[in-house]
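See structure below.
The values are calculated or read from the model by the stated rules, or taken from the named source; none is laboratory data. All values derive from a computational prediction rather than experimental measurement. Here the Cβ positions follow ideal geometry from the backbone for every residue, glycine too, while neighbour counts run over all protein chains shown.
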């Protein structure tokens with residue numbers, strides 16, 4: 001029978017729990033999530049178990065990273081199912097604070113951790129302020145839990161890059177581990193937003209992974225050929241609206257040019273669904289090498 005899990009709903013409870021674990025000499029790993037857990041999240045938990053004796057998963061839909069016209073209200077929330085899945089994996093504690101607990105001033109924060117210029121391009125351009133909200137809540141979680149290690153999925157490559165940079169810039173004593181994207185057998189990257197896809201839209205969503213495959217097949221011909229190959233996938237798919245498609249240097253996140261050689265990361269974001277108000281926004285990425 002799986003061990004019981006501690007459900008922590010206040011900052012004070014979380015800090016007291018971590019203090020007791022540290023007093024017992026145990027390392028602590030944090031897996032930050034917004035809930036609606038899928039196999040990708042569970043892989044983060046499994047990897048966390050390899051890194052620490054105590055694993056804490058946070059489940060918190062962070063309003064700071066949603067814009068005024070985004071899907072905050074539609075975002076799936078399944079706390080009971082999430083907890084049951086974490087119990088099966090033997091997670092010691094789940095931190096499930098309310099918005100009021102995390103942001104007592106009306107669900108907002110007067111103090112923000114800003115992502116700088118990189119927070120205004122690609123995902124940041126499409127979702128202004130998104131990464132400031134992400135970095136702010138991650139900083140708060142690091143302050144509350146004080147983990148030795150924290151694990152993030154590689155599906156949001158820009159987020160992972162920014163979190164690592166923030167930890168470096170602010171000298172935070174936590175190791176950041178990126179975990180490869182978990183995919184369905186047909187290539188679709190797992191996402192909590194996949195549950196929002198309507199009938200027939202899931203097949204359309206495969207355009208993102210197909211575009212990445214197309215870009216990879218053209219890697220030997222350079223950046224422009226990769227972009228053209230990926231864009232051609234979306235030109236024939238009326239159920240998917242491309243948001244952005246880019247090739248960057250994964251070491252710096254600067255846009256790669258035609259003279260670039262070595263590793264590149266192809267990033268794609270698109271809205272799936274013909275109704276703009278109910279379209280589901282998905283992201284994906286993959287790394288290739290240009291000879």
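Looking only at segment 94-129, which residues are surrounded by 22 or more Cβ atoms within 10 Å (Cβ to Cβ) and out of contact with any strand residue (DSSP E or B) (no Cβ under 9 Å at 6 or more places or on another chain)?
115, 119
Out of 192, 232, report the one residue that is farther than 23 Å from residue 128 by Cβ and out of contact with any strand residue (DSSP E or B) (no Cβ under 8 Å at 6 or more places or on another chain).
One residue alone meets the criteria, 232.
May I ask you to say which residue of 23, 48, 3, 57 is at pLDDT 95 or above and over 20 Å from the mean Cα position of the chain (by Cα)? Can you show your working first?
On the way: 48 fails: over 20 Å from the mean Cα position of the chain (by Cα); 3 fails: at pLDDT 95 or above; 57 fails: over 20 Å from the mean Cα position of the chain (by Cα).
Going through 23, 48, 3, 57 in turn, the sole match is 23.
Please find, among 256, 214, 207, 225, the residue that is at pLDDT 95 or above and under 28 Å from residue 69 (Cα atoms).
207
For residues that are more than 24 Å from residue 46 (Cβ to Cβ) and over 18 Å from the mean Cα position of the chain (by Cα), scanning just segment 60-96, find the one that is modelled with the highest pLDDT.
73
When residues of segment 155-183 are filtered for being assigned to a loop (DSSP other than H, G, I, E, B) and closer than 17 Å to residue 119 by Cα, how many remain? Let's see the steps before the verdict.
Initially, segment 155-183 is screened for residues assigned to a loop (DSSP other than H, G, I, E, B), giving 155-156, 170-174, 180-182.
Restricting the remaining residues to those that are closer than 17 Å to residue 119 by Cα gives 155-156, 170.
Summing the residues that are assigned to a loop (DSSP other than H, G, I, E, B) and closer than 17 Å to residue 119 by Cα in segment 155-183 gives 3.
Search segment 184-197 for residues being assigned to a helix (DSSP H, G or I) and over 11 Å from the mean Cα position of the chain (by Cα), and hand back the single one that is farthest from residue 50 (Cα to Cα).
Ranking the qualifying residues of segment 184-197, first place goes to 196.
Before we move on, is residue 70 buried (at least 16 other Cβ atoms within 10 Å of the Cβ) and touching a strand residue (DSSP E or B) at 6+ places or on another chain (Cβ under 9 Å)?
no
Residues checked against (1) outside the structural domain of residue 118 (by TED's automatic domain parsing); (2) more than 26 Å from residue 34 (Cα to Cα); (3) under 21 Å from the mean Cα position of the chain (by Cα):
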residue	(1), (2), (3)
199	yes, no, no
202	yes, no, yes
208	yes, no, yes
216	yes, yes, no
219	yes, yes, no
229	yes, yes, no
248	yes, yes, yes
269	yes, no, yes
272	yes, no, yes
